[in-house]
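Structure, as structure tokens:
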Amino acid sequence: MKITINQQATDLQANATVADALAQMQAKPPFAVAVNTVFVPKSQYESRALNDGDKMEVISPVTGG
């Protein structure tokens, strides 16, 4: 299936979860995740299924001033 992660087209296996997508992109904590503009708590990464056409954002905190 095809989804968009941080505005980049990405291919994932069918029935992929947020955790699968994070593993594929080798995301390094800390970060927050939203799917279709809805925040996904870390406790749901393994169970939150992705669907073809979903838009996932992985957002890292910005520090400094």
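Side notes on the structure shown:
- Residue ID - farthest from VAL62 (Cα to Cα), chosen from residues in the stretch 23-51 that are surrounded by 11 or more Cβ atoms within 10 Å (Cβ to Cβ) and of a type in the set (Lys, Arg): ARG48
- For THR63: the one exception among (1) assigned to a loop (DSSP other than H, G, I, E, B); (2) hydroxyl-bearing (Ser, Thr, Tyr); (3) in contact (Cβ under 8 Å) with a residue 12 or more places away in the chain: (3)
- Restricting the stretch 55-65 to residues that are out of contact with any helix residue (DSSP H, G or I) (no Cβ under 9 Å at 6 or more places or on another chain) and not basic (Lys, Arg) leaves a set whose member that is surrounded by the most Cβ atoms within 10 Å (Cβ to Cβ) is GLU57.
- Flag if ASP20 is surrounded by 14 or more Cβ atoms within 10 Å (Cβ to Cβ) and modelled with pLDDT of 95 or more: yes
The values are calculated or read from the model by the stated rules, or taken from the named source; none is laboratory data. Values in this document were obtained by computation on a predicted structure and should not be read as measured data. Glycine also receives a Cβ, built like all others from the backbone with ideal geometry; neighbour counts cover every protein chain displayed.
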